[in-house]
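Below is one structure, written out as structure tokens; comments come after it.
Every number in this text was worked out from the coordinates using simple rules, so none of it is lab data. Everything numeric in this text was worked out from a predicted model, so none of it was measured. Neighbour counts are summed over all protein chains in view; Cβ atoms, including those assigned to glycine, are modelled from backbone coordinates with ideal geometry.
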Amino acid sequence: MGHFLPALLIATACTSTEPADLLLHNGKIVTSDERFGLAEALVVRGGYIVAVGGEEIASRYDPAQVIDLEGRTVIPGFIDTHTHIRGRSRRHLELAGVQSIAELQERVRAKAAELGEGEWITGYGWSEDELAEGRRPLRWDLDDAAPLNPVILTRAGGHSAVSNSRALTLAGIDENTPQPEGGVIEHDRNGRLNGVIRERAGLVSRMVPDATEDEIEESLARMLRDQLALGITSLIQAGETPEGYAMWERIYAARGEELPRATVQIRWVGSDRLAAFGRRTGDGDDRLRVGAVKVLVDGGFTGPAAYTREPYKGQPGYRGSLNLPVEELYALVDTANRLGWQLGFHAIGDSAIVLTVDAFAQALAAHPRDDHRHYLNHFTVSPPVGTLDRMAALGIAVAQQPNFTYTLEGRYVANLEGDRLAHNNPLKLPMDRGVFMGLGSDILPIGPLVGVYAAVTRKGMSGEVYGPEERLTMAEAITGYTRHAAWFTFEERTKGSLEPGKLADLVVLSDDLLTIDPERIMDVEVEMTVVGGKVLYRRPDTPRQ
Ligand SMILES: [Zn+2]
């Protein structure tokens, strides 16, 4: 029998196939690798990609599951470098997408009926730019809807909120309340409170009773799972306390394999509390890990309170403000850098950006780090070119939100003009100066395709184009939301592109982003989302294979 053996071995080698878990084929696979190459088929085993190439690679494997893409486009899963996913109490109303004050009142009325008289009602996500009335909801609108319930509704972006009379009374705020430090209690021209508080809405929201832990945890897990429908396979949560991180750990221990991968930035809570936390940037695994330490250096743009070098349009002398004293900023940057943390700081106005970069630079000069990957979250008002060059030289990156140009257009037009308006949330200029950039949403809204649309068109909601020279190519936009985004969590070797050896995190899209009319980008549907080789989301009307 022995003489048959060699022949048999050869035959086996020729016809045998390797086992695999999943084959996707007959598609247009945008690898987002260094060359931004294309492929037709992709093979997954054990959660990782084992082969990417032409249709011929399919014959080398014996996959447990086969997905015929029928020509559809696949890209790496979106990595959102800046989100705020929150578990919510039952008091909470999700107001993103509400299109009129009348609709908003209807939602509040229904919630009041559900919860009963006297119960607090909270909400998040309205924007006057999306409301038919073209103005903000005010105290009286909420009094109308729920006179017997205290109500506070936070604007998209989180930098201002409107409360009704009942809420203001319970919070002890009246016409004579002095203006709080770092914020504004708005009065109308007759001196009456209009219900809006900028930057310090906590004066009212501190009165809202806490939800139960279970209520919040269940809701957070559900909201994380919802990200899969948007094609998000990884996200960076922009700021939790060490205690807040414990909830994420519980959720990921129980069902991390059903959720997008997450990295959680930890808020600066002082070196003692951070030391007690006992963890640092990079701790964790490929499902959940600790990210950069986070500080809000200045306010947001919705107020506006971002700290700018020039006064806001039509507001002589008003340049926003820092959220903390300059000396404190320098001291905590130095401490966090020495302790080995990556720094990911919120800086929106150009003055805040210049200062933060200088603080990072001084800390790095005093205590050099090899691969620090410090970055700025947001980058709305373009700083001087000298600051960009300094960032490039020091390796300070930007987690940018191209969608702001679209969603926050109304705010920018109201508060900025000239070059500062045209170059709002710059993309190409910093990149051309060598600043490394990843993209994300800051949940305004979360959908990555809004960011991709705004990045390649630079259009606001009105259709107006802002700084066309800041436009990215589609390849740059996809790279910013995938391969470059992975860098921010030190994971560019394991995700962000579709290459052998990388995690099989990908999305199947209804249309080809590389050839689509840019005006249709936001209509593209996410048909399927795969994380670690497992199909975790399928669009409901997508036929099952
Ligand atoms: Zn944010």
**Asked** Want the number for residue 394 to residue 66: 0.36 nm per residue separation, take away the alpha-carbon distance, what's left?
**Response** 113.5 nm
**Asked** Just for the chain, what percent of DSSP beta bridges are antiparallel, to the closest 5?
**Response** 45 percent
**Item:** Computed over segment 136-226: relative contact order in percent, which uses C-alpha pairs under 8 Å that are six or more apart
**Value:** 26 percent
**Request:** Among 83, 212, rank each residue by its count of other Cβ atoms within 10 Å, from fewest to most, as a rough exposure measure.
**Result:** 212, 83
**Asked** Distance in nm between label sites at residue 38 and residue 174, each 7 Å beyond Cα in the beta-carbon direction?
**Response** 7.0 nm
**Asked** How much length is gained on full extension from residue 475 to residue 55, taking 0.36 nm per residue of separation minus their Cα-Cα distance?
**Response** 148.9 nm
**Prompt:** With the contact rule set at Cα under 8 Å and sequence spacing of 6 or more, what percent relative contact order holds for the chain?
**Reply:** 16 percent
**Relative contact order of segment 89-205, pairs being alpha-carbon contacts under 8 Å that are 6 or more residues apart, as %** = 22 percent
**Asked** Quick one: if you stick a label point 7 Å off each Cα along the C-beta vector at residue 309 and residue 369, how many nm between them?
**Response** 2.6 nm
**Item:** Sequence ranges 411-423, 233-245, ranked by mean other-Cβ count within 10 angstrom, highest first
**Value:** 233-245, 411-423
**Degrees between helix 213-226 axis and first principal axis of the chain (Cα, 0 to 90, nearest 10)** = 50 degrees
**Request:** Take peptides 438-449, 197-208, 215-226 and line them up by average Cβ neighbours within 10 Å, highest first, as a rough protection proxy.
**Result:** 438-449, 197-208, 215-226
**Request:** Mind pulling the angle between the C-alpha long axis of helix 101-115 and the longest principal axis of the chain? Nearest 10 degrees, somewhere in 0 to 90.
**Result:** 90 degrees
**Request:** At a Cα cut-off below 22 Å, give the lysines reachable from residue 428, other chains included and same-chain residues fewer than 8 away excluded.
**Result:** 459
**Asked** Sorted by average packing, counted as other Cβ atoms within 10 angstrom per residue and highest first, what order do 145-156, 523-534 take?
**Response** 145-156, 523-534
**Prompt:** What whole number of Å gives the distance from the Cα centroid of segment 195-238 to the Cα centroid of segment 425-484?
**Reply:** 25 Å
**Stretch gain in nm, segment residue 255-residue 226, where the contour uses 0.36 nm per residue and the Cα spacing is subtracted** = 9.1 nm
**Request:** Just the number, please: percent antiparallel of the DSSP beta bridges in segment 89-205, rounded to the nearest 5.
**Result:** 55 percent
**Reachable lysines from residue 502, criterion Cα separation under 17 angstrom, eight or more residues apart if same chain** = 534
**Request:** Please give the calculated 222 nm ellipticity per residue for the chain, where each DSSP H segment of at least 4 residues contributes -39500 (n - 2.57) and the sum is spread over every residue; nearest 500 deg cm²/dmol?
**Result:** -8500 deg cm²/dmol
